[in-house]
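Everything below concerns the one structure shown next.
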Amino acid sequence: VQLQASGGGLVQAGASLRLSCAASGRTFSNYGMGWFRQAPGKEREFVASISGSGLIKDVADSVKGRFTISRDNAKNTVYLQMNSLKPEDTAVYYCAQSRDRSSSTSAVYFSFWGQGTLVTVSS
């Protein structure tokens, strides 16, 4: 399995970004997908996840109402739309693929990880 994340960059507070993660290697719709992030000096934290069907989503309280996860199973891609970005959203964002079709907030549930894409939000 390969996961290729893209879309990060440097933006000002209040701006929007959309991250993409293209997956290959196994049937995409059979697996839940997730986004996690790790800020400098901090532990990795859950951001959002989505089930294989796209019907079930989980979003961290810290980004609820600002970030939206979605997927296009025809394109083998999961997205993270990030609006109203804040400096505290600055981190490396990782996409991950889960063990099965479920959505999960726990990193241990995810078997494969992408390389990460850096998001920097300036104040």
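The values are calculated or read from the model by the stated rules, or taken from the named source; none is laboratory data. In this text, all values refer to a predicted model and were calculated from it rather than measured experimentally. A quick note on method: Cβ atoms are made from the backbone with ideal geometry, for glycine too, and the neighbour counts reach across all protein chains shown. We work out accessible area using only protein heavy atoms, side chains counted, and drop any ligands, DNA or RNA first. Shrake-Rupley method; radii C 1.70, N 1.55, O 1.52, S 1.80 Å.
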The chain: Cα Rg divided by the 2.2 N^0.38 Å rule of thumb: 0.96
At R0 = 35 Å, FRET efficiency that the Cβ-Cβ distance of K86 and Q4 yields, to 0.05: 0.85
Spin-label proximity, D100 to region 13-41 - amide N less than 16 Å from point 7 Å beyond Cα toward beta carbon: 29-33
Per residue value of the accessible surface for the chain (all protein chains in place, 1.4 Å probe), Å²: 50 Å²
Sites excluded, trypsin sites (Lys or Arg not before Pro) in DSSP loops with at most 16 other C-beta within 10 Å, longest stretch of the chain: 1-25
Neighbourhood charge, 9 Å Cβ-Cβ cut-off, centred on Y94 and excluding it, Lys, Arg +1 and Asp, Glu -1: +2
GluC sites (Glu not before Pro) within region 29-102, DSSP loop, no more than 16 other Cβ atoms inside 10 Å: E43
Set of aspartates and glutamates with alpha-carbon distance to K57 below 13 Å, sequence-local pairs under 8 removed: none
Share of carbon and sulfur in the accessible heavy-atom surface of the chain [1.4 Å probe, %]: 47 percent
With 10 Å bins from 0: P(r) over region 15-54, alpha-carbon pairs, percent: 23, 45, 27, 5
Check: the chain dipole with +1 on Lys, Arg Cβ and -1 on Asp, Glu Cβ, in debye: 200 debye
